[in-house]
Amino acid sequence: MRGYTLIEAIISVLLLAIILLGGTTLFYQNLKSVGFSDVNSNLNSTLNSILGALEKDIRYGEVTNVGMGSRLECLTTESAGYGGTSLRVRDLNGHETVYSLEDDKVASTASETGQKGYLNSDDIKVETLDFTWFCLAGVGDKIKITIDASSNILSTGIKVEQNVSTEVYLLNSGLI
């Protein structure tokens, strides 16, 4: 009877360990890549959804304030624009909504009732929300929205960051 020697058995076990370690590393890298892609896609989708909601309200409503400034303050800044971290919009029915950043979320607060809703979930951290109001006499106003946000890939500690911005031309403000 011929069997394996101790050296052959040790070499076989070492080769198997190297193959398993390489396979595990590839599997982990693939899992991390898929996780990054999923988090990135979710972050992108959420930010586009926030921009879409803000854009609709801004375009068809009437902007009354950016930060603490009204249109009169905006007109004094000329082409530099008037910036702030909150936005107050009045809809066609006269109801006002204030958009601001609260606890790393974009908050939408109804002025009359104080009822508050959030436009992003807990897994997405909005770090900055800025509005810049551009208004010149005789020209339609526009609002530039800038959002910086991040999200973590579960159990990896890797942070995915995105910055989005858009400019919205107002239909019911300006042209004075």
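The values are calculated or read from the model by the stated rules, or taken from the named source; none is laboratory data. Because the structure is predicted, anything quoted here is derived from the model rather than measured. Counting neighbours? That spans all protein chains shown, and the Cβs are built from the backbone with ideal geometry, glycine included.
So here's what we get for this one:
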quantity	calculated
Tabulated pairs, region 110-131, first of a type in the set (G, A, S), second assigned to a loop (DSSP other than H, G, I, E, B), C-beta under 8 angstrom, 6+ apart or interchain	A110/H95; S111/H95
G35, sole failed condition from (1) within 24 Å of the chain's Cα centre (by Cα); (2) of a type in the set (G, A, S); (3) modelled with pLDDT under 85; (4) loosely packed, with under 14 Cβ neighbours inside 10 Å	(4)
For S37: the one exception among (1) in a helix (DSSP H, G or I); (2) hydroxyl-bearing (S, T, Y); (3) under 19 Å from V126 (Cβ atoms)	(3)
Among (1) touching a Lys or Arg at 6+ places or on another chain (Cβ under 7 Å); (2) of a type in the set (D, E); (3) loosely packed, with under 11 Cβ neighbours inside 10 Å - the single one E96 does not satisfy	(3)
Candidate set from region 41-71 (those that are part of a helix (DSSP H, G or I) and aliphatic (A, V, I, L, M)); member that is surrounded by the most Cβ atoms within 10 Å (Cβ to Cβ)	I58
G23 vs. criteria surrounded by fewer than 17 Cβ atoms within 10 Å (Cβ to Cβ) and either more than 30 Å from K125 (Cβ to Cβ) or within 25 Å of the chain's Cα centre (by Cα) (or both)	yes
Answer residue from region 49-76, given it is of a type in the set (S, T, Y) and in contact (Cβ under 8 Å) with a residue 12 or more places away in the chain and is farthest from H95 (Cα to Cα) among those	S49
Wholly enclosed strands (runs of 3 or more DSSP E) of region 85-176 bearing at least 2 residues farther than 19 Å from I50 by Cβ	125-136, 139-152, 159-174
Output for region 93-109, where each listed residue is touching a residue at least 40 places away in the same chain (Cβ under 8 Å) and of a type in the set (A, V, I, L, M)	V106
Single match in A110, A137 (criterion: touching a His at 6+ places or on another chain (Cβ under 8 Å) and either among the polar types (S, T, N, Q) or within 21 Å of R71 (Cα to Cα) (or both))	A110
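Here is a yes/no grid of residues against (1) at pLDDT 90 or above; (2) farther than 19 Å from V168 by Cβ:
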{"site": "G69", "(1), (2)": "no, no"}
{"site": "E78", "(1), (2)": "no, yes"}
{"site": "V106", "(1), (2)": "yes, no"}
{"site": "E127", "(1), (2)": "yes, yes"}
